1. Check Val120, Val114 and return the single one that is in contact (Cβ under 8 Å) with a residue 24 or more places away in the chain, of a type in the set (A, V, I, L, M, F, W, C), more than 16 Å from the ligand (Cβ to nearest atom) and crowded, with 20+ Cβ neighbours inside 10 Å.
2. Only residues that are more than 10 Å from the ligand (Cβ to nearest atom) and part of a loop (DSSP other than H, G, I, E, B): list them for the stretch 223-237, please.
3. State yes or no: is Ala46 out of contact with any helix residue (DSSP H, G or I) (no Cβ under 8 Å at 6 or more places or on another chain), surrounded by fewer than 16 Cβ atoms within 10 Å (Cβ to Cβ) and either outside any helix (DSSP H, G or I) or at pLDDT 95 or above (or both)?
4. Which one of these does Gly215 not meet: (1) assigned to a helix (DSSP H, G or I); (2) surrounded by fewer than 19 Cβ atoms within 10 Å (Cβ to Cβ); (3) in contact with a Gly (Cβ under 8 Å, 6 or more places away or on another chain)?
5. Please count how many residues of the stretch 123-151 are more than 16 Å from the ligand (Cβ to nearest atom) and either among the β-branched types (Val, Ile, Thr) or touching a His at 6+ places or on another chain (Cβ under 7 Å) (or both).
6. From the list Gly186, Gly129, Gly159, which one is of a type outside the set (S, T, N, Q) and within 23 Å of Ala279 (Cα to Cα)?
7. Pairs under 8 Å by beta carbon, first residue without any contact (Cβ under 8 Å) to a residue 60 or more places away in the chain and within 22 Å of Ser153 (Cβ to Cβ) in the stretch 204-232, partner among the aromatic types (Phe, Trp, Tyr) and away from the ligand (no atom under 15 Å from the Cβ), six or more apart or different chains?
8. How many of the residues making up the stretch 82-99 are surrounded by 13 or more Cβ atoms within 10 Å (Cβ to Cβ) and either in a loop (DSSP other than H, G, I, E, B) or free of Cβ contacts under 8 Å to residues at least 24 places away in the same chain (or both)?
Amino acid sequence: MAATIIDGTRHARTVRQEVAAEAARLRAEHGVVPGLAVVLVGDDPASKVYVRMKRDACEEAGLRSFDHHLPGETTEAEILDRIAHLNRDPAVHGILVQLPLPPRINEPRTLGAVAAEKDVDGFHPLNVGLLLLGTPRFVPCTPLGVQHLLMQSGFDPAGQHVVIVGRSTVVGKPLMAILCQKAPGGNATVTLCHSQTPDLARFTRQADILIAAMGCPRSITAPMVREGAVVIDVGVSRVADSSSPKGSRLVGDVDFDGVAQKARAITPVPGGVGPMTIAMLLKNTLLAARYRHNLP
Ligand code: NAP
C-alpha cells in the first residue's frame, strides 16, 4: 500500500496564515510590528536562497524583515559588533544568523552573542538549557516544524518509538529533547542514532516514527523501514540529474519511491519539512515580540 504524503507546504501555509492574523492583531491592538533581522555572511548560493525565502515569508505575514548581508571577508569582531547593534535595536525582536558561517568564524561564540531573548533560532546556550529542563522559550525551528507536522497530520508521538538518525545541535538533539518532553507533542520513547551507530537498520526497523536528519542522500532504504512506519525526511541534498533543466535536483535522506511503498505516511523533499522550518521561524519571531512587550 502506498503511503500518505504529508504535505508540509499545505501545513506551513496554515501556520503562516495564523501568524499573519496574529501579527495584524498585534499591530492593531498594541502598535507592535514583529521584526526579524537575518545576518548572512558571504555569498553561499543556498544560504542566499534561504535568506530570500525567509524575507519573503516575513513580508507576506506582515512582519518586518531586516537583511544584514556582510561580505565573506568580514571579521568575527565585525560580525559580533553587528549582532550587538541588533541586540540593542528595539525594532528587532528576533535575530537569525544564517548557517553555515565561513569556517574561520567561531560558530558557538557567534550564536552565543545573540541576545537570548531575541534568539528565534533557539541556538543560544540558555535556550538550549531551557529546552532540556522542560521549560522551553525558543525551540529550534526545524525540530519544532517536525513536531508540528506530526501533530497536524494526526501522528501524535506520545507512546510511540521515535528513531532519529542524526545528532546535530540544529536538528537531531533538539528534536530528541522536544519529542521526549513530558508535554503535549512529546511523551515519545526516543532513540538517537548517528554515524557511529553499528547496524543502523537494526534501530530504524524498530521505529514507529522514523526521522532522518543525516545529509546522506537516499540512504534510508525500504529494507530499513518497518511496514506501516511514519517517515519524516529532514535531509536536503542536491544531486546530479541530467533529466532536470538545472542538471541537478533536491533529494532527501530517504529513498522516497521505495520507502513510500512500505510506510504509512512520508514527507516529500522538497515540500515536507523545509516549508515548516520557515513557518516556525515566523512563529518564533511573533513569540519574541510578545515576550518583549509582555503580551500573553
Ligand atoms: P550535520 O550537522 O552534518 O549532522 C548530520 C548527523 O547525521 C550527524 O549527527 C552524523 O553523525 C549523522 N550521520 C551522518 N551520516 C550518517 C550515517 N551514514 N549514518 C548515521 N548517521 C549519520 O547535519 P544537520 O545540520 O543536522 O542536517 C542534516 C540534514 O538535514 C542535511 O541534509 C541538511 O541540509 C538538512 N536540514 C534541513 C532543514 C530543513 O529545514 N529541511 C534544516 C536543517 C537541516 P555524527 O554526529 O556521528 O557525525
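The values are calculated or read from the model by the stated rules, or taken from the named source; none is laboratory data. All of these numbers come straight from a predicted model, not from anything done at the bench. We place every Cβ from the backbone using ideal geometry, glycine too, and count neighbours over all the protein chains shown.
1. Details: Val120 fails: more than 16 Å from the ligand (Cβ to nearest atom).
Going through Val120, Val114 in turn, the sole match is Val114.
2. Once the filter is applied, which keeps residues that are more than 10 Å from the ligand (Cβ to nearest atom) and part of a loop (DSSP other than H, G, I, E, B), the stretch 223-237 yields Val225, Arg226, Glu227, Gly228, Ala229.
3. Answer is no for this residue.
4. (1)
5. Number satisfying all stated conditions: 1.
6. Being of a type outside the set (S, T, N, Q) and within 23 Å of Ala279 (Cα to Cα) holds for just one of Gly186, Gly129, Gly159, which is Gly186.
7. Matching pairs, first to second residue: Ile209/Phe155.
8. 5
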